[in-house]
Amino acid sequence: MDGECSDGDPDLPIGRIVAGNLDERFESLVQYWSRSEYESSWRRQLQLLLEGGSRALLLTVAIPPERANFLRGFELYRFGEQVRVHDKMVLIGRFPRKRSILVHPDRYVSSYRSSTRGGQRISEWYTTVSEIRSFLAS
């Protein structure tokens, strides 16, 4: 997050994700998590991929899970050196231990799919493990 806020509201900072052709800005809600908590979670999730993990979740909207049916974020799927990124609404209503999504978001990433059950292609963007490594080193 770069310090800019949506409509000047300090509770809605603007974040940015860059992954290959994806260069998107998003709003995060900081009434439950602070900017530093989001950024710390993102770094932990990206580090998991660098350590060989196959999935990660960069939460962009974190609210108290016991009051939420969903959270928002970017799912990351590692395939060798390639990482595929999906913008996702994560439905958490069906999980009995909702609170753990804030500690271990990667455990809530669904299985990789390139299309919906109805056959529609899911938008995805590509980056690499080396680009993630460079970002974390900066």
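The values are calculated or read from the model by the stated rules, or taken from the named source; none is laboratory data. From a predicted model like this one, the values you see are computed outputs, not experimental measurements. In case anyone asks, the SASA skips ligands and DNA or RNA and just uses the protein heavy atoms, side chains included. Shrake-Rupley method; radii C 1.70, N 1.55, O 1.52, S 1.80 Å.
The residues of the chain expose, per residue, 58 Å² of accessible area to a 1.4 Å probe. A 1.4 Å probe, protein heavy atoms only, puts the accessible area of Y77 near 10 Å². Of the labelled figures (1) -0.68, -1.33; (2) -0.75, -1.50; (3) -0.65, -1.61, only one reflects log10 I(q)/I(0) by the Debye sum over Cα atoms at q = 0.15, 0.22 Å⁻¹ as derived from the coordinates, namely (2).
Between S40 and S54, the contour length at 0.36 nm per residue exceeds the Cα-Cα span by 3.1 nm.
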